[in-house]
């Protein structure tokens, strides 16, 4: 299913501004292969088979996760992107349970998982500390989280001629972390188990205390 453009819901950009999962650009494909390979390595290291992807967007990553016969649930605040995710999932016969819920609406009683996945979400949140506090209660015991590695992310955007008026900042990104600063923030809530830096991301496997 072709994505026609970013979805706006409640004044917020939902899903992916740029469909990196379907890109045909050779360099972008190289970067995405690194991202996906790191995801698989970290999930294997956790030994997890019960996964909840939070902030799933159109469900592209959930589809990658479910291919390994894992039990995958997914949630997002946007009804529009969840509808799209359900359509895409149904079109390929994937068994994924999708739920409309913002990250702050999730509860430890109903939404915990052996592995919580939260990729490219934190940079969009107004209160990432509050989100991490909640995620530490949902992760039983693991969380996989990724964010853009700055300033590299914006430099690469500028080099490809994107978002020049915003100095390469992707629309919707309101927080920016270096590897050091991101790990310092995570360590307030989690123990760090494994760190990957596939260009241009920071990707971390954490264990709830």
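Side notes on the structure shown:
- In the chain, helical runs assigned H by DSSP with n ≥ 4 each contribute -39500 (n - 2.57); averaged across all residues and rounded to the nearest 500, the mean residue ellipticity at 222 nm is -10000 deg cm²/dmol.
- From most to least packed by mean Cβ count within 10 Å, the peptides 51-61, 156-166, 126-136 give 51-61, 126-136, 156-166.
- Considering only beta bridges that DSSP places wholly inside the chain, some 45 percent are antiparallel.
- On the basis of the beta-carbon distance and an R0 of 22 Å, residue 137 and residue 97 show a calculated FRET efficiency of 0.65.
- Net length available on complete extension from residue 207 to residue 181 is 7.5 nm, with 0.36 nm assigned per residue and the Cα-Cα distance removed.
- With the simple model of a label 7 Å out from the Cα in the direction of the Cβ, residue 33 to residue 160 spans 1.6 nm.
- FRET efficiency, 1/(1 + (r/R0)^6) with R0 30 Å, evaluated for residue 24 and residue 197 via beta carbons: 0.75
- On full extension, the segment bounded by residue 50 and residue 79 gains 8.1 nm, given 0.36 nm per residue less the C-alpha separation.
Bear in mind that the values in this text are calculations on the coordinates, not laboratory data. Predicted model only: the values in this text are computed from it and were never measured. Every residue, glycine as well, gets a Cβ built from its backbone with ideal geometry; the counts of neighbours run over all protein chains shown.
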